[in-house]
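Okay, so here's the structure we're looking at.
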Amino acid sequence: MSDAPAGPPPRPSYRERLLPGALGWLGAVGAGAVAGIALWPLSPTAGVVVGVLVAVAAVVALAATSPVVQVVGGELHAGRAHVPARLLGELTALDDPEEMRAELGPRLDARAYVCLRAWARTGIKAVLEDPADPTPYWVVSTRRPAELVAAVERARHAGPGAVAAD
């Protein structure tokens, strides 16, 4: 028996990498500038080299730590965590930043799974209906909450392991 996959991996019906906005990237470059300026009096060459290295490292770190939110193969993936769409109950699009803030602050249950990036000020709340899982719900950052809710709904109605149509 072969261990080769049966076919190509399923195509996500929704995919978003939660990259920072312009201010996040500007902050990374600014960190490099600050490092370069700090070393400039000792050696202009060292200041430029270290400044560029710090800026590049900060940009790479921001990109590498930005989670992917996707719906693929009948599952919702948020960063490294994933849950079958069939185990999700009520889905709420948190398309108002104040509503998202309330879910992450005064209304937050400490047992909830949170995939948060401060630069994505909106998200979704997905209630878990798995009696074996102590996590009551997920709060997931996204810049397109209505689209993510629609993709999870399609995956839930498509059945386990099915790929939801676009």
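The values are calculated or read from the model by the stated rules, or taken from the named source; none is laboratory data. Everything quoted here is computed from the prediction, not taken from an experiment. When we count neighbours, we look across all protein chains shown, and the Cβ atoms used for this are built from the backbone with ideal geometry, even at glycine.
Of all residues in region 95-115, those satisfying the criterion of being surrounded by 16 or more Cβ atoms within 10 Å (Cβ to Cβ) and in a loop (DSSP other than H, G, I, E, B) are ASP95, ALA112. Within the option set ARG117, ARG80, ARG86, being of a type in the set (Lys, Arg) and more than 20 Å from the chain's Cα centre (by Cα) holds for one residue only, ARG86. Across region 116-153, which residue is farthest from ALA81 (Cα to Cα) among those that are assigned to a loop (DSSP other than H, G, I, E, B) and hydroxyl-bearing (Ser, Thr, Tyr)? Among them, the one singled out is THR122.
Listed by first and then second residue, the pairs linking a residue in region 40-55 that is over 24 Å from GLY27 (Cβ atoms) to a residue that is modelled with pLDDT of 95 or more and not in a helix (DSSP H, G or I), with Cβ atoms under 6 Å apart and 6 or more places separating them unless they lie on different chains, form an empty list.
When you scan region 85-108, do you find a residue that is closer than 14 Å to SER13 by Cα, touching a residue at least 24 places away in the same chain (Cβ under 8 Å) and either of a type outside the set (Lys, Arg) or assigned by TED's automatic domain parsing to the domain that holds ALA38 (or both), even just one?
Here is the first cut: in region 85-108, the ones closer than 14 Å to SER13 by Cα are 85.
So of that shortlist, the ones also touching a residue at least 24 places away in the same chain (Cβ under 8 Å) come out as 85.
Filter once more, so that each one left must be either of a type outside the set (Lys, Arg) or assigned by TED's automatic domain parsing to the domain that holds ALA38 (or both): 85.
There is at least one residue in region 85-108 that is closer than 14 Å to SER13 by Cα, touching a residue at least 24 places away in the same chain (Cβ under 8 Å) and either of a type outside the set (Lys, Arg) or assigned by TED's automatic domain parsing to the domain that holds ALA38 (or both).
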